[in-house]
Amino acid sequence: MADVVLDNVTKVFPGDVLAASDINIHVADKELLVLVGPSGCGKSTTLRMVAGLEDVTRGTIRIGDRVVNDIPPKDRDIAMVFQNYALYPHMSVYRNMAFGLKLRKVPKKEIQERVNQAAALLGIQNLLDRKPKALSGGQRQRVAVGRAIVREPAVFLFDEPLSNLDAKLRVSMRAELNKLHNRLAKTMIYVTHDQVEAMTLGDRIAVMNEGVIQQLASPLELYDRPVNEFVAGFLGTPPMNFMTNGRIKQQDGKFVFNAGAARIGLPDWARQAADDLPGRDVTLGVRPEDLSLGSPEDGVKATVNVVEPLGNEMIIYLTTDYHDLICKAPAHQKVAVDDVVGLRINVEKTHLFDPETGQNVSLTHRGQPPKE
Amino acid sequence: MKTWRPFRFSIAAVLSVIFGYPLLWMVLTSFKSRAELEASAWSLPTRFYLGNFRDVLSMGHFGRYYLNSIVVCGVSVAVASLAAAAAAYAFARLRFRGKEALFLLLLSGMMIPVHVTLIPLHRMMSSLGLLNSPVALIGPYIAFALPVSTFILRAFFESLPRDVEDAAQLDGCSPIGAFWHVALPLAAPALATVIIFNFVYMWNEFAFALTLTSGTTTTLPVGIYEVSRSSFSTHVPGMTAGLTIGVIPGLIVYFIAQKHIVKGMTAGALGG
Ligand SMILES: Nc1ncnc2c1ncn2[C@@H]1O[C@H](COP(=O)(O)OP(=O)(O)OP(=O)(O)O)[C@@H](O)[C@H]1O
Ligand SMILES: [Mg+2]
C-alpha cells in the first residue's frame, strides 16, 4: 500500500529558477498518474523530487505513511526508468538488473530467480550476457524497465521512457507498459510530453505548464472539460481551434459569437458566460472534429488551403475572413484546395475562454457531465 | 585527404624508427656478451646470453634500488590516483560554497616549479626524521601529482552522464557507493591517462630521489646514475641490461592502461 502525496511542493533552483510551484498531487495506491506538459515545464524536476534526486525547496512529499523529504533515494522504496535509460555501461544486462538486489543483500539464488523472471516477462532472456552498448534502443529500454521491476519497489517512476524510440516501437512499448501496469498493480508516476502517451496510459493525467499543475483529471474529463486554454490546446491532435477576438452578442433573444463575418449561435450556457465577461473580447474554442464542411450558403464561410488525406480521415486547413482553422473530416469528403465552403460547428461542444486569464468560462455554466 | 596518407605514414614510420630503434638496440645489446658487442655492435645477438642481467643484478644494490622504485611508485601512483579521483568527483558533482576558489587553489599547485621546493623539503624531511625512507619520496610525489590528476579527472567526471549515478542511488547506493560502483569504473580511460602520466614521471624522477634519499634507500634513476659513475660503466652490455630491466615496469603499466584509454567505456550508457 503506497500512495504518493505531494503537498504544496515547490522547487526553486539556484538563480531563482522556479521549476515547480505549489504542486499538489495525490497519486492513489496502484494508480498510474501521468504528468504531461511541454518541454521545460518542470515534469522531470517534480519526478526527481519524488525520487529524492532533488531537494524540495518547500512543501512535503509523502510515500505511503512516511514523509520522505529527508529520506535518501535508496531508502524510499522506489525505482525509476530514465529517458536515456541510464544503464551501467560496464555491467552486463544481468548485472545491471541484479545490481540493486545485490546492494540490498538479497540471496544469490533469489536474485537469479527474480532477474530471470523479469527477463522472461520482458523477452530479454537471450540478452543477459550482453553489455548495454551491444543492445538496440528498444532492448536497452526493456533492460531499464527490467532493472526497475526486479526490485519490486512500492512506486515506479518513469521519465519519458519512450521518447528515444522510433514511432512504431513507441506504440508497441506503450501497450506493453500498459499491460505491465495492470499486471504489477503498483503505483506509478509517468512523465511524458507526448499527449497520446498521456491519454492512453493514464488513469489520471496532470497537465503541467511553467511549473504549475493546470488540471488533474481523467483523460476524457481533460478532453471534454479543459479548465483553460492551455489544457484545451495541449490535448488533441490536431489541436483545438481558437477563434480569438470575438464578442458575444444578443440577437433575436439568442446569444451569438461574432467575429468578422462569422456569426455562431451558442447554446444556453453562453448567457451566463456572457454575463461574466460583459463587453469584452472572448475566444471560442472548437475541436477540429466538431467542425464539418457544408455548402457556402450556410455556416461560416471559409476557403480551403491545404488538404491532408490520412486514409482514415482527412485534415483540412481553412481560413475564414478572421481565423485560421483546422477541420477533421471523413476520409472521403469531396473537397479541393481553394474551394469555398461553409463551416458547421457543433456548438454544444465548444468552449468559451477569457483571453486575459485563459480560463474556460463556459465550464461552470454547462452542468456536470454524466457520471460514469 | 587521401593523397596525404602515404605522407602521413612515412612520417609515422620515421618517428617510430627514431624512437623505437634505440630501445630495440638497448634490448638486443643486453643479450650480447662483451666480446660479441665489440665484434659487431649492430648485429642481432647470436645466442640468448643472460650473463649481463646476472652481472647487473649482483652489482652493488641494483636489485634493492629496483625494489625501492617499485614500492615508491606503486604506492604514490595508487594513492595519488585514488585521492585525485575522489577530489575530482566531489568537485564535479557536489555543490558547495567556495568550490571554484578551492579548485583554483589546488590548480595553482601546478604553477609551483617543483625544484624550488627541494631544499625546504629536504629540511622538513630531515627534521621529521624521514630522510632516506620511502615516505620522503612518496609524500612529495603524491602532492605534486594531485593538481594535474584532479584537473583531468574532474573534466572527465563532468562529462559522464549524471543519470547513471542517479540510477545507482535509486538502486541502493549512497553517494559514495555511486562513486565507487559506477563513476570510478566509468572513469577508467581518464584514470588510465592519469596513471600512465604519473607513473612515467615518478619512475624517472631524479632530483627528489637524489636529494631526499641515498644509499640503499634510493630509487632506480639515482641507482643507475651511481652505477654509471662506477667502474661498471665500461661494461656496456651490463649497462643496457640494467636499463632494459628499468624500462620494463613502465612498459607494462603503459600496455595495461592504454587499452582502457582506447576502449571508451561510456559507450552504451545512453540511448538515442
Ligand atoms: N539543475 C538545475 N539548475 C537550474 N535550473 C534547472 C535545473 N534543472 C532544471 N532546471 C530548470 O527547471 C525547469 C524545469 O526543468 P525540467 O527538467 O523539470 O523540465 P521538463 O518538464 O522535464 O522538460 P523536458 O520535457 O525537456 O524534459 C527548466 O526551466 C530548467 O531549465
Ligand atoms: Mg524532463
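Structural remarks
- Among the residues making up segment A:184-207, those that are part of a helix (DSSP H, G or I) and open to solvent by 20 Å² or more (accessible area, probe 1.4 Å) are A:184, A:195, A:196, A:199, A:200.
- Test for residue A:64: is it small (Gly, Ala, Ser), more than 11 Å from ligand 1 (Cβ to nearest atom) and open to solvent by 10 Å² or more (accessible area, probe 1.4 Å): yes
- Top-ranked residue in segment A:148-171 [being in a loop (DSSP other than H, G, I, E, B) and open to solvent by 30 Å² or more (accessible area, probe 1.4 Å); ranked as nearest to residue A:192 (Cα to Cα)]: A:163
- Restricting segment A:74-84 to residues that are surrounded by fewer than 22 Cβ atoms within 10 Å (Cβ to Cβ) and either of a type in the set (Phe, Trp, Tyr) or within 22 Å of the chain's Cα centre (by Cα) (or both), the residue that is nearest to ligand 2 (Cβ to nearest atom): A:83
- Segment A:162-200: number of residues that are within 15 Å of the chain's Cα centre (by Cα), more than 15 Å from ligand 1 (Cβ to nearest atom) and within 21 Å of residue A:26 (Cβ to Cβ): 2
- Scope segment A:85-97; condition of a type in the set (A, V, I, L, M, F, W, C) and either crowded, with 24+ Cβ neighbours inside 10 Å or more than 10 Å from every other protein chain (Cβ to nearest Cβ) (or both); matching residues: A:86, A:87, A:93, A:97
- Out of B:144, B:157, B:197, B:96, one residue alone is among the aromatic types (Phe, Trp, Tyr), open to solvent by 60 Å² or more (accessible area, probe 1.4 Å) and within 23 Å of the chain's Cα centre (by Cα). It is B:197.
- Residues within segment A:127-147 that are in contact with a Phe, Trp or Tyr (Cβ under 6 Å, 6 or more places away or on another chain) and either open to solvent by 10 Å² or more (accessible area, probe 1.4 Å) or away from ligand 2 (no atom under 16 Å from the Cβ) (or both), tallied: 2
- Matching residues, segment A:36-60, being under 26 Å from residue B:175 (Cβ atoms), within 14 Å of ligand 2 (Cβ to nearest atom) and away from chain B (no Cβ under 14 Å): A:42, A:43, A:46
- Of the residues B:8, B:54, B:64, B:47, the single one that is touching a helix residue (DSSP H, G or I) at 6+ places or on another chain (Cβ under 8 Å) and either more than 24 Å from residue B:206 (Cα to Cα) or in a helix (DSSP H, G or I) (or both) is B:64.
- Candidates A:222, A:180 - the one that is assigned to a helix (DSSP H, G or I), closer than 30 Å to residue A:7 by Cα, more than 16 Å from ligand 2 (Cβ to nearest atom) and open to solvent by less than 10 Å² (accessible area, probe 1.4 Å): A:222
- The residues of segment B:48-87 that are over 30 Å from residue B:99 (Cα atoms) and among the hydrophobic types (A, V, I, L, M, F, W, C), listed by number, are B:48, B:50, B:53, B:56, B:57, B:59, B:62, B:67, B:70, B:71, B:72, B:73.
- Any hit, segment B:191-200, residues being within 13 Å of chain A (Cβ to nearest Cβ) and modelled with pLDDT under 95: yes
- Residue match in segment A:299-311 (condition: more than 15 Å from residue A:343 (Cβ to Cβ), free of Cβ contacts under 8 Å to residues at least 40 places away in the same chain and either in a loop (DSSP other than H, G, I, E, B) or touching a helix residue (DSSP H, G or I) at 6+ places or on another chain (Cβ under 6 Å) (or both)): yes
Residues are listed down the side, and each one gets a yes or a no for (1) more than 14 Å from chain A (Cβ to nearest Cβ); (2) surrounded by fewer than 16 Cβ atoms within 10 Å (Cβ to Cβ); (3) in contact (Cβ under 8 Å) with a residue 12 or more places away in the chain:
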position: B:172; (1), (2), (3): no, no, no
position: B:222; (1), (2), (3): yes, no, yes
position: B:230; (1), (2), (3): yes, yes, yes
position: B:234; (1), (2), (3): yes, yes, no
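- Filtered residue count, segment A:302-324, keeping only those that are within 19 Å of residue A:256 (Cα to Cα), at pLDDT 90 or above and not β-branched (Val, Ile, Thr): 2
- Residue within segment A:208-219 that is away from ligand 1 (no atom under 16 Å from the Cβ), at pLDDT 90 or above and part of a helix (DSSP H, G or I) present: yes
- Residue that is nearest to the other protein chains (Cβ to nearest Cβ), among those in segment A:1-17 that are over 24 Å from residue A:218 (Cβ atoms), open to solvent by 40 Å² or more (accessible area, probe 1.4 Å) and more than 16 Å from ligand 2 (Cβ to nearest atom): A:14
- Verdict on residue A:71 being open to solvent by 10 Å² or more (accessible area, probe 1.4 Å), more than 9 Å from chain B (Cβ to nearest Cβ), among the aliphatic types (A, V, I, L, M) and within 27 Å of residue A:192 (Cβ to Cβ): yes
- Test: residue B:159 is among the hydroxyl-bearing types (Ser, Thr, Tyr) and within 9 Å of chain A (Cβ to nearest Cβ): no
- Of A:82, A:156, all but one fail to be touching a residue at least 40 places away in the same chain (Cβ under 8 Å), within 7 Å of another protein chain (Cβ to nearest Cβ) and hydrophobic (A, V, I, L, M, F, W, C); the exception is A:82.
- Verdict on residue A:108 being within 16 Å of ligand 2 (Cβ to nearest atom) and basic (Lys, Arg): no
The values are calculated or read from the model by the stated rules, or taken from the named source; none is laboratory data. What you are looking at is a predicted structure, and each value in this text was computed from that prediction instead of being measured. We place every Cβ from the backbone using ideal geometry, glycine too, and count neighbours over all the protein chains shown. When the accessible area is computed, the model is the full protein with side chains, heavy atoms only, and any ligands, DNA or RNA have been set aside. Shrake-Rupley method; radii C 1.70, N 1.55, O 1.52, S 1.80 Å.
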